[in-house]
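K.L.:
Just passing along the structure, written as structure tokens.
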Amino acid sequence: MNTDLLSERAFRRLQWSLVATTVMVIAGGLAWRAVDADAQGGPVALPHVDYRAALKGARFVVGDNSQRFCVLEFFDYECPPCRLITPQVHAVVLNHRSDVSLALRNFPLNMHPHARQLALVACVLSQPEFEKFDPEAISLEAKKLDSLLDSWHKHLDQVRPAWLIEARGKLESEKLAAALLTVNSTPSIFVVDRLTGVTYKCPSLNALKSVISKA
């Protein structure tokens, strides 16, 4: 066996791994600028959007349908900007929780190998299960996500044998909601004002805050 050849192959794999990681970090940084708190651009009103359809079936993680405003975020568990922005969006909502709720919708991107499976699992979990799964899925490195998915697949296979059929149906409803709001990337953040019936697309945290400041 040619150990020199093996070493060269290992070195080349390491090189490509470093290149891929660098590209992801740069892409994530560029995308993050679009939703950074200092980003420019105010909220864009979408007066003709049926906000009830956009929210139907969404998972509420803060509040419910009783608050005037609902922040709706489309996200991907393996999206670097999502991992940065989601905790900040959550914090903003918690600071206004008497008037603002937070709902999440899965929008897995094809470029991320685990995204669809993570979304399928997330779609069918009960709220206590989701609260356990969600922070792990957001924080784990890609190489550890296989183990996480394997454990949740086994759990769901035992307690809900037909879970995958249900999950696929729910993920299709997520796609319909995304199409309604012309979502094509993550994170995509909207604010629904139930009092006026207007939905706003928010390209930054400042834009989000400017809408809910009306409360």
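Just so you know, all these numbers are worked out from the coordinates, no wet-lab data involved. For clarity, every value in this text was computed on a predicted model and none was experimentally measured. Using ideal geometry, Cβ is built from the backbone for each residue, glycine included, and neighbour counts are taken over all protein chains shown.
K.L.:
If I model a spin label as a point 7 Å beyond the Cα along the Cα-Cβ vector, how far apart are those points for ASP99 and GLU166 in nm?
P.N.:
In this crude spin-label approximation the distance works out to 3.7 nm.
K.L.:
Moving on to the next point. If each residue of separation counts as 0.36 nm, what is the full-extension length gain between GLU136 and LYS214 once their alpha-carbon separation is subtracted? Walk me through the intermediate numbers first.
P.N.:
Details: separation 78, 0.36 × 78 = 28.08 nm, distance 3.42 nm.
Residue separation times 0.36 nm, minus the Cα-Cα distance, leaves 24.7 nm.
K.L.:
Between LEU176 and VAL159, what length comes free when the chain is fully extended (0.36 nm per residue of separation minus the Cα-Cα distance, one decimal in nm)? List each step's numbers first, then the result.
P.N.:
Working: separation 17, 0.36 × 17 = 6.12 nm, distance 2.80 nm.
Once the chain is fully extended between LEU176 and VAL159, it gains 3.3 nm.
K.L.:
Let me ask something else. Using R₀ = 25 Å, calculate the FRET efficiency as 1/(1 + (r/R₀)^6) where r is the Cβ-Cβ separation of ASN110 and ARG52; round to 0.05.
P.N.:
On the way: r = 29 Å, r/R0 = 1.16.
E(calc), rounded to 0.05, equals 0.30.
K.L.:
Would you mind ranking LEU102, LEU181, LEU140 by Cβ crowding within 10 Å, fewest neighbours first? Before the final figure, lay out the partial values.
P.N.:
Details: LEU102 24, LEU181 20, LEU140 17.
In increasing order of surrounding Cβ atoms, one gets LEU140, LEU181, LEU102.
K.L.:
Continuing with this model, one more query. Please work out the Cα center distance from the range 144-215 to the range 73-141, rounded to the nearest Å.
P.N.:
Rounded to whole Å, the Cα centres lie 7 Å apart.
K.L.:
For the pair GLN88/LYS144, report the inter-label distance in nm, with labels modelled 7 Å from Cα in the Cβ direction.
P.N.:
2.4
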